[in-house]
Structure formats: structure tokens, C-alpha cells
1. What is the Rg over Rh value, at two decimals, for the chain, using alpha-carbon atoms and the Kirkwood definition of Rh?
2. Based on the Kirkwood radius over alpha-carbon pairs, what value in µm²/s does the Stokes-Einstein equation return for the translational diffusion coefficient of the stretch 1-55 at 20 °C and 1.002 mPa s?
3. Sort 131, 99 so the one with the fewest other Cβ atoms within 10 Å of its own Cβ comes first.
4. Antiparallel as a % of all DSSP beta bridges within the stretch 1-131, to the nearest 5?
5. With 10 angstrom as the radius, rank 83, 103 by how many other C-beta atoms surround their C-beta, starting from the fewest.
6. Pairs of Cα atoms under 8 Å, at least six residues apart: use those to get the relative contact order of the chain, whole percent.
7. Report P(r) for the stretch 75-157: all Cα-Cα distances, bin width 5 Å, range 0 to the bin holding the largest distance, values in whole percent.
8. Which angle from 0 to 90°, rounded to the nearest 10, does the C-alpha axis of helix 146-157 make with the longest principal axis of the chain?
């Protein structure tokens, strides 16, 4: 049995396959790995624990420039990801929201990180939504990784 972890976000998120079939995803956050599949979610402190659990080593492959994801998470506001260079960063202590603007002169604030937002049609995922959206609709977040957000979205839909 050979497991392969193909990098989607460098050193943060991988697609795990067995014999070229997707079996789950792996993410790394807060010094822990999280493996998630339809059947289970497991947490690991290191790769040795993964080998013991799966009975084999995982072959890790890096992202190549052609395979990079659309959401380039290269900037952070208070440890939460953004896809643009943040300006006027602040932290709303009352609502626990990492905020930023997209330019120095902008008056629109955005929330760094991943969120789920409940619109009329149901819960949807969102990356760096406008603050006004978070104020107008029920939401959960911020989450530091897409994987955390997806897990919460799955819980909210059920």
C-alpha cells in the first residue's frame, strides 16, 4: 500500500491518494497534522504517528508552479491568511476578527481567513469576505485553514 500526499498549498495542505484514487486530505496547522476522509478525521503530532496508523510511509510531493491553487495565501493578518497584501491591519477584539483593507486609501474592510456564511439559500464558504457581509449575515470563523472551514461547513449543514 502506497500513500501519496500531493501538495496543494505548500507545507499546509495536501490531497492524499492511494493507487491514484483520492482517499482524503491532510492539513498542517498549529504544529499538528489533520487527515480527513469520508470515514474519519485523525490528528497526528508527527509523520511517525501517521506511519504507525496507516501502516506505511506517505510519499510527499511538492507543488509545482503550474499546479498552484487560485487562492495564493501569501499574506497574513494576525496569523490568518489573505490573498492580497493587507493595509491598515487591525483586530476587532469584541468580535475577534482580523481586519484589513486592500489599499491605504480604501474604506472597505475585509476579514482575513476562511469563513462560512449563512445566506438565504444556506451555508456557503468564503475566503476574506467583506466586514459588512459578516455584520449582515450569520457567520462562523475565522478559520486559519480551508480544512477547518470545510469541517465546520459540514457540521453546519447537518
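Every number here is computed from the coordinates shown, using simple stated rules; none is lab data. None of these values were measured; they are calculated from a predicted model. We place every Cβ from the backbone using ideal geometry, glycine too, and count neighbours over all the protein chains shown.
1. Numbers: Rg = 17.3 Å, Rh = 17.1 Å.
Rg/Rh: 1.01.
2. Details: Rh = 11.3 Å.
Once the numbers are plugged in, D ends up at 189 µm²/s.
3. On the way: 131 17, 99 20.
Fewest-to-most Cβ neighbours within 10 Å comes out as 131, 99.
4. Values: 37 of 41 bridges.
Expressed as a percentage, antiparallel bridges in the stretch 1-131 total about 90.
5. Working: 83 15, 103 12.
Neighbour counts put them in this order, fewest first: 103, 83.
6. Working: 296 pairs, mean separation 22.6, N = 158.
Contact order relative to length: 14 percent.
7. 3, 17, 28, 25, 18, 8, 3, 0
8. 80 degrees
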